[in-house]
Amino acid sequence: MDEKDQYRTVALILLLTVIIIILLSPPDVLLQRGIMVDTTPSYTSTERSWVKTVMELGESEAIERLPLEIGEWKGYRVEVEENVIETLKPDMMMERAYYTPESPNPVWLLIIRAENRSAFHDPKICYRGSGWSVVNETRVPLTLNGSKWVSKDRGGDRGDAVIMVNRLLIEKNDRERLIMYFYLKELIFASSPEMITIVRGETMVENGLGASERRVKNFMGEILPHLFIPQRDRGDPVALLLYRDYGLIGLLIEFLIILLPLTYLGRLLKRTM
């Protein structure tokens with residue numbers, strides 16, 4: 001096989017691979033950027049959930065459009081200290097505090113997006129460096145209020161959704177803080193796979209740990225649907241849709257787009273025999 005035939009063979013194998021991937025993938029996956037909610041910044045976790053972002057996470061102006069009033073929650077912006085920005089060097093960073101009339105003790109919301117992995121070191125390291133001790137660390141389910149996306153879902157009422165988040169309880173001088181956080185990551189083959197966004201909710205523990213945990217979960221369940229929509233059902237693959245919509249003609253199209261490059265590839269391989 002000469003050099004040109006080698007290139008043709010590799011190109012045909014790649015083409016067949018792409019065709020098969022397209023036929024076996026749902027249209028939504030092909031047409032949107034893949035985003036995952038996960039409990040770690042790496043790609044090794046099994047607790048990830050697929051989501052579709054509602055706004056461009058990389059744009060500070062877009063993030064600032066997060067509502068300051070959500071149901072009973074009212075918020076205000078918090079100025080991030082310059083030394084924190086210099087240390088983390090984030091591409092985007094936003095901090096706010098939200099409270100309710102019944103509880104002036106706020107939930108602090110922090111969103112950081114960066115390519116610099118130092119911005120995403122284990123939060124426990126940061127808290128310990130500030131004199132806090134880790135009392136308990138676990139992962140818990142968080143229910144998102146589905147009313148934000150139900151009306152926009154062409155498939156009907158999907159109801160609430162659940163994601164897994166990290167839960168951290170820390171203590172210092174007889175004071176306790178409760179933190180819940182997770183990561184938003186793009187797929188490895190996305191345009192900016194190194195970009196990671198961390199979302200964190202935090203509050204001082206008052207009136208018992210259970211009440212504080214319910215408050216943080218309630219707040220995050222209300223605010224997060226303004227950031228992303230869970231993709232619980234990723235849809236039927238293209239191959240099934242072609243058959244469903246066009247019947248035998250759809251099957252014939254699938255057969256031909258696989259057969260033609262496969263036939264040409266077979267001819268190239270015969271030349272080497």
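Any read-out appearing in this document is the output of simple, stated calculations on the displayed coordinates, not a laboratory observation. Keep in mind that what you see is a predicted model, and the values were worked out from it rather than measured. With ideal geometry, Cβ positions are generated from the backbone for all residues, glycine too; neighbour counts draw on all protein chains shown.
Using the Cβ-Cβ distance between GLU102 and SER42 with R0 = 35 Å, the FRET efficiency computed as 1/(1 + (r/R0)^6) comes to roughly 0.35.
Computed from backbone phi, the HN-Hα couplings of segment 255-267 come to 4, 5, 5, 8, 5, 4, x, 5, 5, 5, 5, x, 5 Hz, rounded to whole numbers (Karplus: 6.51 cos²θ - 1.76 cosθ + 1.60, θ = phi - 60°; Gly and Pro given as x). Between amide H atoms placed 1.01 Å from N, distances below 5 Å from VAL78 occur with GLU95, ARG96, ALA97, all of them 5 or more places distant or on a separate chain. Per-residue extension of 0.36 nm, minus the Cα-Cα distance of LEU241 and ARG271, leaves a gain of 7.1 nm for this segment.
Maximal additional length on extending the VAL80-ILE13 stretch stands at 19.0 nm, based on 0.36 nm per residue less the C-alpha distance.
Which of the residue pairs LYS89/LYS185; LYS172/LYS217; LYS74/LYS124; LYS74/LYS217; LYS124/LYS172 have a Cα-Cα distance greater than 20 Å in the structure shown? Beyond 20 Å between Cα atoms: LYS172/LYS217; LYS74/LYS124.
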